[in-house]
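Enquirer: Please see the structure below; I have some questions.
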Amino acid sequence: MKTSISTIKFLVALTVTSFLLTYYTISLNIENNFFSLDIFWLSNDFAFVISSGTFASILVLLACELQKYFIIKHQTEDSIYSQLFSLYSQITIIHYNIKRQLNDVISPVPYNLIDDISNRGQMFLTSFISVDYTLFLKCNAIRKIQIQYQGKNGALIRSFLQSSIFLKMAMNDDRIDMLRQHKDVLATSNMPKTHLALKKIYDDSAIILSFIEKSLDIIDKECKMRYHWCELKRHVITGEENFFSISLDLYLKQPAICLNQEEK
């Protein structure tokens, strides 16, 4: 968007210059004859016609560039919402994944429980803060949100998305403690350090989700509710709750997926 704004500013300056040249300098010269242009290849009337045509052409270019700016603005807002919503979805998966693991004190905690999800979350966070959302006149609510994530809040979320490292450290420590007791078992959520690490990730994810929800709510309101965020949020939460509440036995008993496609 910076390029479009620079082009608009240039065309505005060119439009003003062309206007002054056409309707001020040349028209005054016609009336008062400050300097004579009546030569065989150039006259006041001819200069006025050329300048008027130039002014009209620049005005058309300015109008086209303004239309392009508003189209890019709309598309950029879509990109900002999409990246932040994707980040929200990934952290929601982490949240309910950890919740399920905390409730299951028997099964071993997978060593790479949230690795892939966290990596995708970092990718979406980087994309979100990197979007060029430079406005022409003012800094609106969407830009203020993006600035928040480019600062301390974004750093805290990125740090959270790297917390799988500490979960692995906690699992290793618990496993070492069990080996000292001559018990060769994998880490579970009821082991001290593993439980604390899981609980911290769960609590932090709840705080971050609440923060992102408020951000998405503001973005949706700023864009006149075109993303239907409130309705979509309900679908995301309900979907994750239903998915992570299904046991293995229930999953294996489910019938094959049947997709219905409407005929056109």
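Enquirer: So which residues in segment 108-134 are open to solvent by 30 Å² or more (accessible area, probe 1.4 Å), of a type outside the set (Val, Ile, Thr) and modelled with pLDDT under 90, if there are any at all?
Expert: Passing the criteria: only 132.
Enquirer: Let me ask something additional. It is to be established whether one or more residues within segment 97-116 are free of Cβ contacts under 8 Å to residues at least 12 places away in the same chain, hydrophobic (A, V, I, L, M, F, W, C) and in a loop (DSSP other than H, G, I, E, B).
Expert: The answer is no; no qualifying residue exists.
Enquirer: Of the residues in segment 156-196, how many are open to solvent by 60 Å² or more (accessible area, probe 1.4 Å) and within 20 Å of residue 116 (Cα to Cα)?
Expert: 8
Enquirer: Hey, another quick one. Could you list all residues from segment 177-213 that are within 33 Å of the chain's Cα centre (by Cα) and charged (D, E, K, R)? Quick ask: steps written out before the conclusion?
Expert: First pass over segment 177-213, keeping only residues within 33 Å of the chain's Cα centre (by Cα): 194-213.
Selection gives 199, 200, 203, 204, 213.
Enquirer: Would you confirm whether or not segment 28-35 contains a residue that is open to solvent by less than 80 Å² (accessible area, probe 1.4 Å), out of contact with any helix residue (DSSP H, G or I) (no Cβ under 7 Å at 6 or more places or on another chain) and modelled with pLDDT under 75?
Expert: Step one: filter segment 28-35 for residues open to solvent by less than 80 Å² (accessible area, probe 1.4 Å), giving 28-30.
Right, trim to out of contact with any helix residue (DSSP H, G or I) (no Cβ under 7 Å at 6 or more places or on another chain) and you get 28.
Those still in the list that are modelled with pLDDT under 75 too: 28.
Within segment 28-35 (the criterion being open to solvent by less than 80 Å² (accessible area, probe 1.4 Å), out of contact with any helix residue (DSSP H, G or I) (no Cβ under 7 Å at 6 or more places or on another chain) and modelled with pLDDT under 75), the answer is yes, since at least one residue qualifies.
Here's the yes/no breakdown for (1) touching a residue at least 40 places away in the same chain (Cβ under 8 Å); (2) closer than 20 Å to residue 217 by Cα; (3) assigned to a loop (DSSP other than H, G, I, E, B); (4) under 14 Å from the mean Cα position of the chain (by Cα):
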position: 120; (1), (2), (3), (4): no, no, no, yes
position: 128; (1), (2), (3), (4): yes, yes, no, yes
position: 142; (1), (2), (3), (4): yes, yes, no, yes
position: 145; (1), (2), (3), (4): yes, yes, no, yes
position: 154; (1), (2), (3), (4): no, yes, no, yes
position: 175; (1), (2), (3), (4): no, no, no, no
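Enquirer: Then there is this: For residues in segment 135-155 being under 26 Å from residue 8 (Cα atoms) and open to solvent by 50 Å² or more (accessible area, probe 1.4 Å), which is modelled with the lowest pLDDT?
Expert: Checking each candidate, the answer is 137.
Enquirer: Take residue 89 and decide whether it is in contact with a strand residue (DSSP E or B) (Cβ under 8 Å, 6 or more places away or on another chain), more than 19 Å from residue 165 (Cα to Cα) and open to solvent by less than 70 Å² (accessible area, probe 1.4 Å). Give the steps one after another, and end with the answer.
Expert: Numbers: in contact with a strand residue (DSSP E or B) (Cβ under 8 Å, 6 or more places away or on another chain): no; more than 19 Å from residue 165 (Cα to Cα): yes; open to solvent by less than 70 Å² (accessible area, probe 1.4 Å): yes.
No: the conditions fail for residue 89.
Enquirer: Within segment 236-249, which residues are at pLDDT below 75 and either open to solvent by less than 100 Å² (accessible area, probe 1.4 Å) or touching a strand residue (DSSP E or B) at 6+ places or on another chain (Cβ under 8 Å) (or both)? Talk me through it step by step, then tell me what you get.
Expert: Here is the first cut: in segment 236-249, the residues at pLDDT below 75 are 240-249.
Scanning segment 236-249 gives 240, 241, 242, 244, 245, 246, 247.
Enquirer: Which of (1) part of a helix (DSSP H, G or I); (2) within 21 Å of residue 82 (Cβ to Cβ); (3) open to solvent by less than 70 Å² (accessible area, probe 1.4 Å) is the odd one out, the single condition residue 204 does not satisfy?
Expert: For residue 204, the failing item is (2).
The values are calculated or read from the model by the stated rules, or taken from the named source; none is laboratory data. None of these values were measured; they are calculated from a predicted model. Methodologically, a virtual Cβ is constructed for each residue, glycine included, from the backbone with ideal geometry; neighbour enumeration extends over all protein chains shown. Each accessible area value is taken on the protein alone, full model and side chains, heavy atoms only, with ligands, DNA and RNA left out. Shrake-Rupley method; radii C 1.70, N 1.55, O 1.52, S 1.80 Å.
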